[in-house]
């Protein structure tokens, strides 16, 4: 039962922090270090959790995703990206996913090893927290998602590469990139969540294939499934809560949380060294 309890606990952490801009990977690195939950490779288990939050994205944005897929195939016969919002969004998501795909391929070894150092995680956590405060202070935040252009989509896609660094936050760094281009918080967050789906799916498919080749036991698969289901349920409500939150509130509360957590981790590392 202990394995299932830890899996559910990590699923809750993943479900909340994948969408709240505080870095799911950073929190999972810290949680693994504290819990010593090593019944299966940490990275494999974390990818299972990410697949759970992928289900949350698909469930929440189901109608949008179907519309974008249909519009994409329509664009191959009748290109009307300029005037058709669904066609435009389909291509924005596709093109903006390319940088993260390339970055993941080139930086996978470092992302899986060196970048998971708690010192680096806390450093990235604090640096992005400060970035939140700066962007909130100076960005205009007026554009709706319908007003996005190619430049904004590509910039957000490039920012997503930084999510390979635990402590950065995929949703955080892509939302900030959108805000820096003048988007409203809820609009930037919406595109950020939609953009996460292809990258999570690609990385998850690869890791789950590797796990299958390793030959995990039925118990290990069930424990990972427990974590994934928990992450999916919690993630669904985290998306809904955050989109509503951003209609009236800023990123600053998340910035302060990141700075506080980074300070606590650094203090613990100094004391224990």
Expressed as an acute angle from 0 to 90° and rounded to the nearest 10, what is the orientation of the C-alpha long axis of helix 24-35 relative to the principal long axis of the chain? 10 degrees
For the chain, take the longest principal axis of its alpha carbons; what is the angle in degrees between that and the long axis of helix 252-272, to the nearest 10 within 0 to 90? 30 degrees
Going by average Cβ neighbours within 10 Å, how do the peptides 103-111, 149-157 rank, with the highest at the top? 149-157, 103-111
Relative contact order for region 2-272 using alpha-carbon pairs under 8 Å, separation at least 6, rounded to a whole percent? 38 percent
Taking only Cα atoms, what is the 0 to 90° angle, nearest 10, from helix 150-160's long axis to the longest principal axis of the chain? 0 degrees
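Provide the packing ranking of 25-32, 84-91, i.e. peptides ordered by the mean count of other C-beta atoms within 10 Å per residue, highest first. Before the final figure, lay out the partial values.
Values: 25-32: 22.8, 84-91: 19.5.
Most protected by this proxy first, the peptides run 25-32, 84-91.
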Kindly list the residues of region 56-77 that lie in the label zone of residue 240, defined by a backbone N under 15 Å from the point 7 Å along the Cα-to-C-beta vector. 56-63
With labels modelled as points extended 7 Å from the Cα through the Cβ direction, what inter-label distance (nm, one decimal) is found for residue 119 paired with residue 229? 4.2 nm
Can you tell me the order of 240-253, 171-184 when each peptide is scored by its average per-residue count of other Cβ atoms within 10 angstrom, highest first? 171-184, 240-253
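First check a/c for region 2-272, with a ≥ b ≥ c the square roots of the eigenvalues of its C-alpha gyration tensor; if it is under 1.5, answer rounded, and if not, answer prolate when a/b is larger than b/c or oblate otherwise. Present the calculation step by step, with values, prior to reporting the outcome.
Numbers: a/c = 1.84, a/b = 1.27, b/c = 1.46.
Judged from the Cα gyration tensor, region 2-272 comes out oblate (a/c at least 1.5, b/c at or above a/b).
Tell me, in nm to one decimal, what length is gained between residue 138 and residue 9 on full extension, where the rule is 0.36 nm per residue of separation less the Cα-Cα distance? If you can, show how the numbers build up before the last one.
Details: separation 129, 0.36 × 129 = 46.44 nm, distance 3.73 nm.
Fully extending the segment from residue 138 to residue 9 adds 42.7 nm.
For residue 218 and residue 249, FRET efficiency with R0 = 41 Å and r from the beta-carbon atoms, rounded to 0.05?
Working: r = 44 Å, r/R0 = 1.08.
According to the calculation, E is roughly 0.40.
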With a point put 7 Å past each Cα toward its Cβ, work out how far residue 257 is from residue 35 in nm, to one decimal. 1.8 nm
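Values in this text are rule-based calculations from the coordinates and carry no lab data. If you're wondering where the values come from, they're calculated on a predicted model, not measured in any experiment. For neighbour counting, all protein chains shown are included, and Cβ atoms are generated from backbone atoms with ideal geometry for every residue, glycine included.
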